[in-house]
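Working notes for the structure below.
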Amino acid sequence: MNQELSSSVDLLERRLALMRQLANSLEQVQTAVVRSDLGGIDGHTVRQRALCEALCQLESEAPGRRPCNPITDQNRHLTAWTKLPEEAVSPQVSQRWKTLAQELTQVEAQVGQLNRVYGALLRRAQRTLQIFIRVLASSANTYAPPKCAPAIAPLALQEVSHV
């Protein structure tokens, strides 16, 4: 029982650490979007994907929890991870669990907010890009290179035989 509780606290701490890293990455990628830094956006996207996979892996390690599906289980994590195991626990362990659960709840809310801001920034960047695409498409005929004869006609070269 104590071993299971210790393992559960460890899993909760690991989830909290991964969620903090995800929040940090989401904060940093916003700067990359504003600066139109495609390499930075790609790097953070790869990092975020790896963190999400690690969170799913952690979810599958947790006893009594089914494997995660990030698409359908968006709100299930809060209650599944913050519920104190029903075994008799010492007040210190109970307090530690409550502290971790509160921090996890705050970080998950922060990640949700950062995700919404990031999505809004991407939508705005996409609208700006679509404006430029339409401008270029509509002005293609206006700014086509001129089709005129060269200013100086090339001289006719005569072939000379050196034999």
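Every number here is computed from the coordinates shown, using simple stated rules; none is lab data. Quick caveat, the model's predicted, so the values are computed rather than measured. Methodologically, a virtual Cβ is constructed for each residue, glycine included, from the backbone with ideal geometry; neighbour enumeration extends over all protein chains shown.
Side notes on the structure shown:
- For region 95-110, no residue has its backbone nitrogen under 14 Å from a point 7 Å from the Cα of V34, taken along Cα to Cβ.
- Charge tally for V117 (other residues, Cβ to Cβ under 12 Å; Lys, Arg +1; Asp, Glu -1): +2.
- Local net charge near Q30, Cβ-Cβ under 15 Å (Lys/Arg +1, Asp/Glu -1): +2
- For the peptides 9-18, 128-137, 38-47, the ranking by mean Cβ contacts within 10 Å, running from highest to lowest, is 9-18, 38-47, 128-137.
- Remark: the T45-A17 segment gains 8.3 nm on full extension, using 0.36 nm per residue and subtracting the alpha carbon distance.
- The stretch between Q126 and Q113, if pulled fully straight at 0.36 nm per residue, gains 2.7 nm over its current Cα-Cα span.
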